[in-house]
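Read the structure below first, then the notes.
The values are calculated or read from the model by the stated rules, or taken from the named source; none is laboratory data. This one's a predicted model, so the numbers in the text were calculated from it and none came from an experiment. Ideal geometry is used to build each Cβ from the backbone, glycine not excepted, and the neighbour counts take in all protein chains shown. Ligands, DNA and RNA are excluded from the accessible area calculation, which covers all protein heavy atoms including side chains. Shrake-Rupley method; radii C 1.70, N 1.55, O 1.52, S 1.80 Å.
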Amino acid sequence: MDRPPKILLLGDYSRCHSTLATGLRNLGCNVTLMSGALSWADSEPDIDISRQPGKLGGMLLSAKLRMPTVRNAMRGNDIVAIHDPNFLLLRSRRLYPYFDRLIRDNGSVFLTAMSYDIAFLDMLEAPDSPLRYSEWFVDGKPSRFFLEDPSQWEKWHNRELMDYENHVFSKIDGAVSVLYEYHLGMERRLGKEKAGYGGIPIDTSRFEPVALSDRPEKVRLFLGRDRNRKLEKGSDYLEIAAKRVVERYPARAELVIVENRPYGEFVELLKSAHVVLDQIYSYTPATTALMAMAYGLNVVSGGEPEYYDFIGEHENRPIINAPLEPDALEATLTDVVLHPELIAERGQRSREFVVRHNDTNIVARRFLDFWTRRVAEKSSR
(Lines give C-alpha, C1' and ligand atoms only; values in the text may rest on other atoms or scores of the structure.)
Protein backbone atom coordinates (compact mmCIF):
# COMPACT_ATOMS: atom_id res chain seq x y z
CA MET A 1 0.00 0.00 0.00
CA ASP A 2 1.53 3.31 -1.13
CA ARG A 3 -0.38 5.47 1.35
CA PRO A 4 -1.19 5.35 5.05
CA PRO A 5 -3.90 2.75 5.73
CA LYS A 6 -7.38 4.09 6.42
CA ILE A 7 -8.62 2.42 9.60
CA LEU A 8 -11.98 2.48 11.37
CA LEU A 9 -12.03 1.39 15.01
CA LEU A 10 -15.67 0.64 15.71
CA GLY A 11 -16.77 0.42 19.36
CA ASP A 12 -14.74 0.52 22.56
CA TYR A 13 -14.36 -0.83 26.08
CA SER A 14 -12.16 0.71 28.80
CA ARG A 15 -10.46 3.11 26.35
CA CYS A 16 -8.84 0.18 24.51
CA HIS A 17 -9.65 1.33 20.97
CA SER A 18 -9.23 4.96 21.99
CA THR A 19 -5.68 4.32 23.18
CA LEU A 20 -4.96 2.05 20.22
CA ALA A 21 -5.98 4.91 17.92
CA THR A 22 -3.25 7.05 19.47
CA GLY A 23 -0.62 4.43 18.75
CA LEU A 24 -1.83 3.85 15.20
CA ARG A 25 -1.77 7.59 14.49
CA ASN A 26 1.75 7.73 15.87
CA LEU A 27 2.60 5.10 13.25
CA GLY A 28 1.16 7.33 10.52
CA CYS A 29 -2.20 5.64 10.03
CA ASN A 30 -5.41 7.49 9.14
CA VAL A 31 -7.69 6.45 12.01
CA THR A 32 -11.32 7.14 12.89
CA LEU A 33 -12.72 6.05 16.25
CA MET A 34 -16.47 5.54 16.21
CA SER A 35 -18.03 4.47 19.50
CA GLY A 36 -20.25 5.44 22.34
CA ALA A 37 -18.70 8.07 24.59
CA LEU A 38 -17.00 6.40 27.56
CA SER A 39 -17.89 9.00 30.15
CA TRP A 40 -16.36 7.08 33.08
CA ALA A 41 -13.08 6.59 31.26
CA ASP A 42 -12.93 10.21 30.07
CA SER A 43 -12.91 9.21 26.40
CA GLU A 44 -14.58 10.96 23.46
CA PRO A 45 -14.70 9.27 20.03
CA ASP A 46 -14.33 11.02 16.70
CA ILE A 47 -17.89 9.95 15.88
CA ASP A 48 -20.28 9.36 18.77
CA ILE A 49 -22.76 6.50 18.35
CA SER A 50 -23.95 6.39 21.96
CA ARG A 51 -27.37 4.93 22.64
CA GLN A 52 -29.92 6.19 25.13
CA PRO A 53 -31.97 3.64 27.13
CA GLY A 54 -35.21 2.06 25.99
CA LYS A 55 -36.96 1.49 22.68
CA LEU A 56 -36.76 5.18 21.80
CA GLY A 57 -33.00 4.99 22.29
CA GLY A 58 -32.81 2.19 19.73
CA MET A 59 -34.83 4.20 17.24
CA LEU A 60 -32.62 7.25 17.73
CA LEU A 61 -29.47 5.17 17.28
CA SER A 62 -30.85 3.67 14.06
CA ALA A 63 -31.53 7.20 12.82
CA LYS A 64 -28.02 8.30 13.79
CA LEU A 65 -26.54 5.38 11.86
CA ARG A 66 -28.30 6.64 8.71
CA MET A 67 -26.63 10.05 8.92
CA PRO A 68 -24.18 10.74 6.05
CA THR A 69 -21.22 11.30 8.41
CA VAL A 70 -21.72 7.90 10.02
CA ARG A 71 -22.51 6.01 6.81
CA ASN A 72 -19.47 7.48 5.06
CA ALA A 73 -17.20 6.56 7.97
CA MET A 74 -18.39 2.96 7.79
CA ARG A 75 -17.28 2.41 4.21
CA GLY A 76 -14.14 2.81 2.12
CA ASN A 77 -11.73 1.77 4.88
CA ASP A 78 -8.78 -0.50 4.32
CA ILE A 79 -9.27 -2.01 7.77
CA VAL A 80 -12.24 -2.07 10.14
CA ALA A 81 -11.79 -3.40 13.68
CA ILE A 82 -14.95 -4.05 15.69
CA HIS A 83 -14.65 -4.21 19.47
CA ASP A 84 -17.25 -6.95 19.82
CA PRO A 85 -19.36 -9.07 17.46
CA ASN A 86 -22.23 -6.99 18.90
CA PHE A 87 -20.53 -3.74 17.89
CA LEU A 88 -23.70 -1.63 18.03
CA LEU A 89 -26.17 -1.45 20.92
CA LEU A 90 -28.94 -3.13 18.95
CA ARG A 91 -30.57 -6.55 19.11
CA SER A 92 -28.49 -9.23 17.42
CA ARG A 93 -31.04 -9.81 14.67
CA ARG A 94 -30.83 -6.11 13.75
CA LEU A 95 -27.05 -6.20 13.42
CA TYR A 96 -26.85 -8.45 10.34
CA PRO A 97 -27.31 -5.70 7.72
CA TYR A 98 -24.81 -3.37 9.44
CA PHE A 99 -22.18 -6.11 9.74
CA ASP A 100 -22.73 -7.36 6.20
CA ARG A 101 -22.35 -3.81 4.86
CA LEU A 102 -19.04 -3.52 6.73
CA ILE A 103 -17.86 -6.66 4.96
CA ARG A 104 -19.13 -5.43 1.58
CA ASP A 105 -17.99 -1.81 1.76
CA ASN A 106 -14.50 -2.14 3.29
CA GLY A 107 -11.26 -3.91 2.50
CA SER A 108 -11.00 -6.17 5.55
CA VAL A 109 -12.93 -6.53 8.81
CA PHE A 110 -11.32 -7.78 12.01
CA LEU A 111 -12.42 -8.36 15.57
CA THR A 112 -10.54 -6.86 18.48
CA ALA A 113 -11.21 -9.53 21.12
CA MET A 114 -11.55 -7.52 24.32
CA SER A 115 -14.59 -9.02 26.05
CA TYR A 116 -16.84 -12.06 26.24
CA ASP A 117 -18.03 -13.69 23.04
CA ILE A 118 -19.27 -17.13 22.11
CA ALA A 119 -15.81 -18.32 21.00
CA PHE A 120 -14.26 -17.48 24.37
CA LEU A 121 -17.13 -18.92 26.39
CA ASP A 122 -17.18 -22.13 24.33
CA MET A 123 -13.50 -22.61 25.15
CA LEU A 124 -14.11 -22.13 28.87
CA GLU A 125 -16.85 -24.76 28.87
CA ALA A 126 -14.94 -27.33 26.80
CA PRO A 127 -13.60 -30.45 28.59
CA ASP A 128 -10.17 -29.72 27.09
CA SER A 129 -10.14 -26.03 28.01
CA PRO A 130 -6.53 -24.80 28.35
CA LEU A 131 -7.49 -22.59 31.32
CA ARG A 132 -7.62 -24.06 34.81
CA TYR A 133 -9.92 -21.30 35.98
CA SER A 134 -11.86 -18.23 34.90
CA GLU A 135 -14.65 -16.08 36.28
CA TRP A 136 -17.09 -18.68 34.87
CA PHE A 137 -15.41 -22.01 35.73
CA VAL A 138 -12.89 -23.20 38.30
CA ASP A 139 -11.33 -26.63 37.83
CA GLY A 140 -14.02 -27.55 35.34
CA LYS A 141 -16.91 -26.66 37.63
CA PRO A 142 -19.22 -23.63 37.53
CA SER A 143 -17.80 -20.74 39.57
CA ARG A 144 -19.47 -18.71 42.31
CA PHE A 145 -20.19 -16.05 39.70
CA PHE A 146 -21.86 -18.61 37.42
CA LEU A 147 -23.92 -20.17 40.22
CA GLU A 148 -25.04 -16.81 41.61
CA ASP A 149 -27.02 -16.15 38.42
CA PRO A 150 -26.99 -18.95 35.80
CA SER A 151 -29.25 -16.84 33.59
CA GLN A 152 -26.18 -14.79 32.63
CA TRP A 153 -24.62 -17.86 31.01
CA GLU A 154 -27.94 -18.73 29.39
CA LYS A 155 -28.24 -15.20 28.01
CA TRP A 156 -24.94 -15.61 26.20
CA HIS A 157 -26.19 -18.88 24.71
CA ASN A 158 -29.59 -17.89 23.36
CA ARG A 159 -30.04 -19.04 19.78
CA GLU A 160 -30.46 -15.57 18.26
CA LEU A 161 -27.19 -14.32 19.71
CA MET A 162 -25.25 -17.50 18.92
CA ASP A 163 -26.44 -17.56 15.30
CA TYR A 164 -25.42 -13.95 14.81
CA GLU A 165 -21.98 -14.34 16.44
CA ASN A 166 -21.31 -17.50 14.43
CA HIS A 167 -22.15 -15.48 11.32
CA VAL A 168 -19.59 -12.84 12.35
CA PHE A 169 -16.86 -15.40 13.00
CA SER A 170 -17.49 -17.00 9.60
CA LYS A 171 -16.95 -13.67 7.80
CA ILE A 172 -14.18 -11.74 9.58
CA ASP A 173 -10.64 -11.77 8.25
CA GLY A 174 -9.15 -12.44 11.66
CA ALA A 175 -9.04 -11.32 15.27
CA VAL A 176 -6.47 -9.59 17.47
CA SER A 177 -6.83 -10.26 21.20
CA VAL A 178 -5.92 -7.95 24.04
CA LEU A 179 -5.59 -10.72 26.65
CA TYR A 180 -3.84 -14.08 26.59
CA GLU A 181 -7.10 -15.79 27.56
CA TYR A 182 -9.02 -14.26 24.68
CA HIS A 183 -6.23 -15.20 22.29
CA LEU A 184 -6.62 -18.85 23.22
CA GLY A 185 -10.33 -18.59 22.43
CA MET A 186 -9.65 -16.98 19.05
CA GLU A 187 -7.04 -19.57 18.11
CA ARG A 188 -9.45 -22.35 19.00
CA ARG A 189 -12.23 -20.84 16.91
CA LEU A 190 -10.37 -19.26 13.97
CA GLY A 191 -7.08 -21.15 13.80
CA LYS A 192 -3.58 -19.79 14.37
CA GLU A 193 -3.31 -17.99 11.02
CA LYS A 194 -6.35 -15.82 11.70
CA ALA A 195 -5.63 -15.16 15.40
CA GLY A 196 -3.16 -12.54 16.55
CA TYR A 197 -2.18 -11.11 19.94
CA GLY A 198 -1.91 -7.38 20.50
CA GLY A 199 -2.22 -6.77 24.24
CA ILE A 200 -3.95 -3.91 26.02
CA PRO A 201 -2.52 -0.57 24.87
CA ILE A 202 -1.38 1.86 27.56
CA ASP A 203 -0.21 5.34 26.62
CA THR A 204 2.72 5.29 29.03
CA SER A 205 3.68 8.86 28.11
CA ARG A 206 0.59 10.01 30.03
CA PHE A 207 1.51 8.14 33.23
CA GLU A 208 4.05 9.89 35.41
CA PRO A 209 5.46 7.30 37.85
CA VAL A 210 4.71 8.07 41.48
CA ALA A 211 7.49 8.28 44.02
CA LEU A 212 7.37 5.32 46.41
CA SER A 213 9.22 5.26 49.69
CA ASP A 214 12.10 2.80 49.89
CA ARG A 215 10.43 1.30 52.95
CA PRO A 216 6.91 2.62 53.65
CA GLU A 217 6.02 2.46 57.33
CA LYS A 218 2.41 1.64 56.51
CA VAL A 219 1.51 -0.21 53.32
CA ARG A 220 -1.58 1.24 51.69
CA LEU A 221 -3.71 -1.39 49.96
CA PHE A 222 -6.18 -0.09 47.38
CA LEU A 223 -9.28 -1.95 46.18
CA GLY A 224 -11.12 -0.10 43.42
CA ARG A 225 -14.11 -1.87 41.98
CA ASP A 226 -17.53 -1.87 40.40
CA ARG A 227 -19.88 -2.86 43.21
CA ASN A 228 -21.95 -4.88 40.73
CA ARG A 229 -19.04 -7.09 39.65
CA LYS A 230 -17.65 -8.36 42.96
CA LEU A 231 -18.13 -12.05 42.24
CA GLU A 232 -17.01 -11.72 38.64
CA LYS A 233 -13.70 -10.16 39.62
CA GLY A 234 -13.33 -11.85 43.02
CA SER A 235 -13.05 -8.49 44.75
CA ASP A 236 -15.15 -9.79 47.65
CA TYR A 237 -12.39 -12.32 48.42
CA LEU A 238 -9.76 -9.61 48.01
CA GLU A 239 -11.65 -7.50 50.54
CA ILE A 240 -11.91 -10.36 53.03
CA ALA A 241 -8.21 -11.15 52.77
CA ALA A 242 -7.09 -7.52 52.96
CA LYS A 243 -9.26 -6.78 56.00
CA ARG A 244 -7.81 -9.78 57.81
CA VAL A 245 -4.28 -8.53 57.14
CA VAL A 246 -5.10 -5.00 58.29
CA GLU A 247 -6.76 -6.32 61.44
CA ARG A 248 -3.67 -8.39 62.22
CA TYR A 249 -1.17 -5.64 61.38
CA PRO A 250 -3.00 -2.32 61.94
CA ALA A 251 0.24 -0.39 62.38
CA ARG A 252 1.73 -1.79 59.15
CA ALA A 253 -1.15 -1.79 56.68
CA GLU A 254 -4.33 0.06 55.76
CA LEU A 255 -7.06 -0.61 53.21
CA VAL A 256 -8.80 1.91 50.97
CA ILE A 257 -11.94 0.66 49.17
CA VAL A 258 -13.29 2.73 46.27
CA GLU A 259 -16.50 1.87 44.45
CA ASN A 260 -18.03 3.45 41.35
CA ARG A 261 -16.15 6.75 41.57
CA PRO A 262 -15.69 9.18 38.66
CA TYR A 263 -12.63 8.36 36.57
CA GLY A 264 -10.48 11.31 37.61
CA GLU A 265 -11.20 10.79 41.30
CA PHE A 266 -10.57 7.05 40.94
CA VAL A 267 -7.17 7.62 39.35
CA GLU A 268 -6.03 10.08 42.02
CA LEU A 269 -7.02 7.66 44.79
CA LEU A 270 -5.28 4.81 42.99
CA LYS A 271 -2.06 6.84 42.72
CA SER A 272 -2.02 7.31 46.49
CA ALA A 273 -1.67 3.55 47.05
CA HIS A 274 1.32 1.24 47.28
CA VAL A 275 -0.46 -1.99 46.29
CA VAL A 276 -3.51 -2.14 43.99
CA LEU A 277 -5.81 -5.15 44.45
CA ASP A 278 -7.25 -5.82 41.02
CA GLN A 279 -8.85 -9.25 40.41
CA ILE A 280 -8.28 -12.96 40.99
CA TYR A 281 -9.79 -14.87 38.06
CA SER A 282 -7.51 -13.60 35.30
CA TYR A 283 -4.25 -15.09 34.05
CA THR A 284 -3.19 -11.62 32.97
CA PRO A 285 -3.27 -8.01 34.14
CA ALA A 286 -6.07 -6.01 32.52
CA THR A 287 -6.56 -2.26 32.14
CA THR A 288 -6.72 -1.14 35.79
CA ALA A 289 -3.74 -3.27 36.77
CA LEU A 290 -1.68 -2.05 33.81
CA MET A 291 -2.55 1.56 34.59
CA ALA A 292 -1.37 1.04 38.17
CA MET A 293 1.82 -0.59 36.94
CA ALA A 294 2.42 2.31 34.55
CA TYR A 295 2.33 4.58 37.59
CA GLY A 296 4.98 2.36 39.18
CA LEU A 297 2.66 0.76 41.71
CA ASN A 298 2.47 -2.87 42.86
CA VAL A 299 -0.52 -4.91 41.72
CA VAL A 300 -2.25 -8.07 42.86
CA SER A 301 -3.79 -9.48 39.72
CA GLY A 302 -3.32 -12.17 37.08
CA GLY A 303 0.32 -13.07 36.61
CA GLU A 304 0.39 -16.74 35.71
CA PRO A 305 3.55 -18.37 34.30
CA GLU A 306 1.65 -19.31 31.13
CA TYR A 307 1.03 -15.63 30.42
CA TYR A 308 4.64 -14.58 30.99
CA ASP A 309 5.88 -17.45 28.82
CA PHE A 310 3.39 -16.52 26.09
CA ILE A 311 4.69 -12.94 25.84
CA GLY A 312 8.30 -14.08 26.11
CA GLU A 313 8.97 -12.47 29.48
CA HIS A 314 11.28 -14.77 31.43
CA GLU A 315 12.99 -12.35 33.81
CA ASN A 316 10.82 -9.38 34.84
CA ARG A 317 7.69 -10.87 36.45
CA PRO A 318 6.54 -8.17 38.89
CA ILE A 319 2.81 -8.96 39.15
CA ILE A 320 1.76 -10.41 42.50
CA ASN A 321 -0.24 -13.36 41.21
CA ALA A 322 -3.60 -13.58 42.97
CA PRO A 323 -4.64 -16.94 44.47
CA LEU A 324 -8.30 -17.91 44.21
CA GLU A 325 -9.21 -18.35 47.90
CA PRO A 326 -9.26 -15.91 50.85
CA ASP A 327 -6.78 -17.87 52.98
CA ALA A 328 -4.20 -18.00 50.19
CA LEU A 329 -4.87 -14.36 49.35
CA GLU A 330 -4.35 -13.45 52.99
CA ALA A 331 -1.00 -15.22 53.02
CA THR A 332 0.03 -13.44 49.83
CA LEU A 333 -0.94 -10.00 51.14
CA THR A 334 0.68 -10.71 54.50
CA ASP A 335 3.97 -11.39 52.75
CA VAL A 336 3.67 -8.09 50.87
CA VAL A 337 2.93 -6.10 54.04
CA LEU A 338 5.76 -7.72 55.99
CA HIS A 339 8.29 -6.93 53.26
CA PRO A 340 7.76 -3.22 52.52
CA GLU A 341 11.37 -2.91 51.41
CA LEU A 342 10.42 -4.73 48.18
CA ILE A 343 7.61 -2.36 47.17
CA ALA A 344 9.61 0.43 45.49
CA GLU A 345 11.76 -1.96 43.47
CA ARG A 346 8.74 -4.03 42.43
CA GLY A 347 6.98 -0.83 41.40
CA GLN A 348 9.91 0.17 39.22
CA ARG A 349 9.88 -3.23 37.53
CA SER A 350 6.12 -2.93 37.04
CA ARG A 351 6.60 0.32 35.14
CA GLU A 352 9.35 -1.26 33.04
CA PHE A 353 7.06 -4.21 32.28
CA VAL A 354 4.27 -2.01 30.89
CA VAL A 355 6.65 0.13 28.86
CA ARG A 356 8.12 -3.00 27.29
CA HIS A 357 4.96 -5.01 26.67
CA ASN A 358 1.95 -2.66 26.62
CA ASP A 359 3.06 0.76 25.46
CA THR A 360 0.51 1.96 22.92
CA ASN A 361 3.06 2.24 20.10
CA ILE A 362 4.26 -1.33 20.65
CA VAL A 363 0.72 -2.68 20.81
CA ALA A 364 -0.34 -0.67 17.76
CA ARG A 365 2.57 -2.13 15.80
CA ARG A 366 1.43 -5.65 16.70
CA PHE A 367 -2.10 -4.88 15.52
CA LEU A 368 -0.93 -3.21 12.32
CA ASP A 369 1.54 -5.99 11.45
CA PHE A 370 -1.14 -8.65 11.90
CA TRP A 371 -3.75 -6.72 9.91
CA THR A 372 -1.41 -5.95 7.03
CA ARG A 373 -0.24 -9.56 6.85
CA ARG A 374 -3.82 -10.78 6.67
CA VAL A 375 -4.72 -8.14 4.07
CA ALA A 376 -1.75 -9.19 1.92
CA GLU A 377 -2.74 -12.86 2.21
CA LYS A 378 -6.30 -11.98 1.25
CA SER A 379 -5.24 -9.98 -1.81
CA SER A 380 -2.90 -12.75 -2.99
CA ARG A 381 -5.68 -15.34 -3.10
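With the Cα gyration tensor of the range 271-381 giving a ≥ b ≥ c as the square roots of its eigenvalues, does the rule (a/c under 1.5 for rounded; else a/b larger than b/c for prolate; else oblate) give rounded, prolate or oblate?
It comes out prolate by the Cα gyration axes.
If you add up the charges near Gly302, with Lys and Arg at +1 and Asp and Glu at -1, over every other residue whose beta carbon is less than 9 angstrom from its beta carbon, what do you get?
Overall, the nearby charge balance is -3.
Considering amide H positions built from the backbone, and no H for Pro or chain starts, which residues 5 or more places from Val299, or on another chain, come under 5 Å of its amide H?
Val276, Ile320
Averaged across orientations, what area in nm² does the convex hull of the alpha carbons in the range 62-200 project?
The directionally averaged projection comes out at 9.0 nm².
Less than 11 Å from a label point 7 Å out along the Cα-to-Cβ axis of Val355: which backbone N atoms in the range 309-348 qualify, by residue?
What the label zone holds, given the 11 Å backbone N cut-off, is 348.
Where does the chain land at 222 nm, in deg cm²/dmol rounded to the nearest 500, when only DSSP H runs of n ≥ 4 count, each adding -39500 (n - 2.57), divided by all residues?
Value at 222 nm, helices only: -14000 deg cm²/dmol.
Would you mind checking which residues have amide H under 5 Å from Ser108's amide H? H placed 1.01 Å from N; only 5 or more apart, or other chain.
Under 5 Å from the amide H of Ser108: Ile79, Val80.
Taking only the alpha carbons of the range 186-269, what extent do you get along each of the three principal axes, in Å, biggest first?
Principal axes ranked by extent give 54, 33, 27 Å for the Cα atoms.
Grab the eigenvalues of the alpha-carbon gyration tensor for the chain, scale each by 5, take roots, and send me the semi-axes largest first in whole angstrom.
For the chain, the ellipsoid semi-axes come out as 36, 23, 20 Å.
Suppose R0 equals 25 Å. What FRET efficiency, 1/(1 + (r/R0)^6) with r the Cβ-Cβ distance, do Arg66 and Val258 give to the nearest 0.05?
In this case the efficiency is close to 0.05.
Obtain the nm distance between the two label points defined at Arg215 and Tyr96 by a simple spin-label model: each point lies 7 Å from its Cα along the Cα-to-C-beta direction.
6.9 nm
So what's the projected area for the range 108-157, the Cα convex hull averaged over all directions, in nm²?
Over every viewing direction, the Cα hull of the range 108-157 projects on average to 4.2 nm².
Towards the positive end of the charge dipole of the chain, with charges on Cβ (+1 Lys, Arg; -1 Asp, Glu), say which of Ile7, Leu338, Pro305 has the farthest Cα.
Ile7
Under the rule of at least 5 residues apart or a separate chain, name every residue whose amide H is placed under 5 Å from the amide H of Val258.
It is Leu223, Gly224, Arg225, by chain and number.
Over the chain, with every protein chain in place, what whole percent of the accessible area is carbon and sulfur at 1.4 Å, could you tell me?
The value for the chain is 49 percent carbon and sulfur by accessible area.
Suppose each label sits 7 Å from its Cα in the direction of the beta carbon; what would the Asp327-Ala251 distance come out to in nanometres?
So the two model labels end up 2.9 nm from each other.
For Arg144 and Ile103, what does the FRET efficiency come to when R0 = 30 Å and r is the distance between their Cβ atoms, rounded to the nearest 0.05?
My answer for the efficiency is 0.15.
Normalised radius of gyration for the range 220-291, please: alpha carbon Rg relative to 2.2 N^0.38 Å, two decimal places.
1.07
Tell me, rounded to the nearest percent, the portion of alpha carbon pairs in the range 194-339 spaced more than 25 Å apart.
The calculated P(r) of the range 194-339 puts 25 percent of pairs beyond 25 Å.
Give the accessible surface of the range 94-197 per residue, rounded to a whole number of Å², with probe radius 1.4 Å and ligands, DNA and RNA excluded.
44 Å²
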